[in-house]
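What follows is calculated from the coordinates using simple rules that are stated; it is not laboratory data. Computed from a predicted model, the values in this text were never measured in an experiment. Cβ: placed from backbone, ideal geometry, glycine included. Neighbour counts: every protein chain shown.
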Amino acid sequence: MPKNRYHVYVIELSKRVYTENRRFREANPQFNGVLECLYVGMTSKTPAERFKQHKTGYINKKGHKLSATIVEKHGLYLRGSLYNHILPLATRAEALQMEEKLALELRRKRYAVWFN
């Protein structure tokens with residue numbers, strides 16, 4: 001049995017992202033400005049470690065930037081209440097699937113959401 005090691009997480013973004021980022025705005029036509037702007041991601045680290053990487057513009061040993069610019073610029077804090085109910089997942093594929101499922105569920109609730 002594989003070790004559970006992937007986490008899905010949610011970061012609240014400044015609402016400025018909606019006015020400053022055309023791609024974000026186009027991805028969220030359902031947004032009415034009432035709820036928050038969010039980023040949904042998945043990681044093999046803890047959500048807190050991953051958030052720190054996003055905010056510092058993390059670059060890996062191969063020189064690849066692994067932080068989302070949208071979070072680096074607009075990320076405020078983790079929104080545990082929106083993801084704490086999701087248990088760690090065994091595989092990267094499962095985590096990617098859960099990331100998309102959660103992001104689309106939050107969009108249906110009229111949040112503005114960015115995910116990869």
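So here's what we get for this one:
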| quantity | calculated |
| --- | --- |
| Among 42-50, 87-95, the order from most to least packed when residues are scored by Cβ within 10 Å on average | 42-50, 87-95 |
| Whole-Å semi-axes of the ellipsoid equivalent to segment 48-94 (Cα gyration tensor, √5λ, descending) | 22, 17, 8 |
| Nitroxide proxy distance, nm - points 7 Å out along Cα→Cβ at LEU35 and ARG23 | 2.3 |
| Top positive-direction residue, dipole computed over segment 7-114 with Cβ charges, set LEU89, VAL8, TYR77 | TYR77 |
| Value of D in µm² per second that Stokes-Einstein yields for the chain, Kirkwood Rh from Cα pairs, at 25 °C (0.890 mPa s) | 170 |
